[in-house]
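Computed from the coordinates by the stated procedures, all read-outs in this text should not be read as laboratory data. In this text the structure is predicted, and so the values were computed from the model without any measurement. Cβ atoms come from the backbone with ideal geometry, glycine included; neighbour counts cover every protein chain shown.
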Amino acid sequence: MRYARVAAIEEAYAKAEISQTLSPRDHMYNTGPDWYFTVGADGMRVVFRALATSAMAEPKRILDLPCGHGRVARHLRAAFPRAEITFADIETDGADFCAAEFGGQALHSQADLTRVDFGGQYDLIWIGSLFTHVDASRAAVWTRHLCRSLAPRGVLIATLHGNWSREVQRSYGAMIGDGEWQRILAGCDATGWGYAPYPDTPDYGVSLCQASAVLAMASRVEGVRILGYNERAWAGNHDVLMLEARDRMEPW
């Protein structure tokens, strides 16, 4: 996408009114309004950066997964007012809220993403804080599945727990119990991707990744190219993987 076009979209977004409507079930809002809205806005800076390095035109179909109750969704709508947006989440109330409040389609997801039909191809797929909660095998399978829902030149953006998350766990508020965290550290140090489930939620937990392991996983996804990997790119916290639906083995 041409830098000038991305700059124009970003300029219009900076002037747009961001919806302040909140769901009473939005558990992400417990961080407070300043952090909540800042994190959502910073997600757009990640999106603009990815688009600027891609070969696609302006996104017309967007998938937000998991959308929650709109921390990033409200910003996607402000930045791309004419786009068709699908809001997907296993929390059906969140998907329904986003579709009704921000204009779009709700998609009720499932614990196994490979069983979800995402309903066509998307120019942009935003995966905010999903792979941060699953093991390496699921992340790899889900990445391949989601990339099949990318339109030609489409962009997929996924956030992950990288090295900074070690300091978050140690100094800024534990994401999981110490016993589980030691298992995560051991797995990460041994294979590049550590994971342990939450004690009361066996399907989800906390993951910790090394960039090399994430890039190795992405390099095995057929039909895409790695646009980039940025450490602490989302809100100074999550690492970000960016993929583009262009075959890396496309002939000259």
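Where does each of H108, H75 land when they are ranked from fewest to most other beta-carbon atoms within 10 angstrom?
Sorted ascending by nearby Cβ count, the order is H108, H75.
In nm, give the distance between the simple-model label positions of H145 and S19, each being 7 Å from the Cα along the Cα-to-Cβ direction.
Roughly 2.7 nm, to one decimal.
With springs only between Cα atoms under 10 Å apart, run a GNM on the chain and tell me which of D64, D189, D200 wobbles the most.
For the chain, modelled as a Gaussian network with Cα springs under 10 Å, the answer is D200.
Can you give the net charge of the other residues whose Cβ lies under 12 Å from the Cβ of H69, counting K and R as +1 and D and E as -1? Write down the numbers at each step before the final one.
Working: positive: R25, R71, R74; negative: D26, D64, D89, E91, D93, D96, E101.
Cβ neighbours under 12 Å give a net charge of -4.
Once label points are set 7 Å from the Cα along Cα→Cβ at both R2 and T31, what is their separation, rounded to one decimal in nm?
The two pseudo-label positions are separated by 3.5 nm.
How high is the FRET efficiency from S137 to R166, r the C-beta distance, R0 35 Å, rounded to 0.05? Provide the component values of the computation, followed by the final result.
Details: r = 22 Å, r/R0 = 0.63.
That gives a FRET efficiency of 0.95.
Based on DSSP H runs of at least 4 residues, each adding -39500 (n - 2.57), what is the mean residue ellipticity at 222 nm of the chain after dividing by all its residues, to the nearest 500 deg cm²/dmol?
Working: 8 runs with 90 residues, N = 252.
So the calculated ellipticity at 222 nm is -11000 deg cm²/dmol.
Taking only Cα atoms and a 10 Å spring cutoff, compute GNM fluctuations for the chain and point out the largest among V39, V240, V72.
Per the Cα network of the chain with a 10 Å cutoff, V39 tops the list.
By how many nm would the segment from D117 to D247 grow when fully extended, if each residue of separation counts as 0.36 nm and the alpha-carbon distance is taken off?
Working: separation 130, 0.36 × 130 = 46.80 nm, distance 2.26 nm.
Extending this stretch completely gives an extra 44.5 nm.
Quick one, can you get me the convex hull of the C-alpha atoms of region 108-202 expressed as volume per residue in Å³?
Dividing the Cα hull volume of region 108-202 by its residue count gives 118 Å³.
As an exercise, use a Förster radius of 35 Å and the Cβ-Cβ distance of E231 and D200 to find the FRET efficiency, rounded to the nearest 0.05.
It comes to 0.70.
What's the Kirkwood radius of region 164-247 in Å, using all Cα pairs?
Radius from the Kirkwood sum: 14.0 Å.
Quick one: work out the % antiparallel among DSSP beta bridges in the chain, nearest 5. Write down the numbers at each step before the final one.
Working: 18 of 34 bridges.
Of those bridges, close to 55 percent are antiparallel.
Over all directions, average the projected area of the Cα convex hull of region 93-135 and note it in nm².
Numbers: hull surface 15.4 nm².
Result: a mean projected hull area of 3.8 nm².
Choose one answer from T201, T143, T191: the residue with the largest mean-square fluctuation in a GNM of the chain with alpha-carbon springs under 10 Å.
In this elastic network of the chain, the residue with the biggest mean-square fluctuation among T201, T143, T191 is T201.
Just need the relative contact order of region 19-168 here, percent rounded to a whole number, with Cα pairs under 8 Å and 6+ apart. Don't skip to the end; give the middle numbers.
On the way: 236 pairs, mean separation 34.2, N = 150.
About 23 percent, as a whole number.
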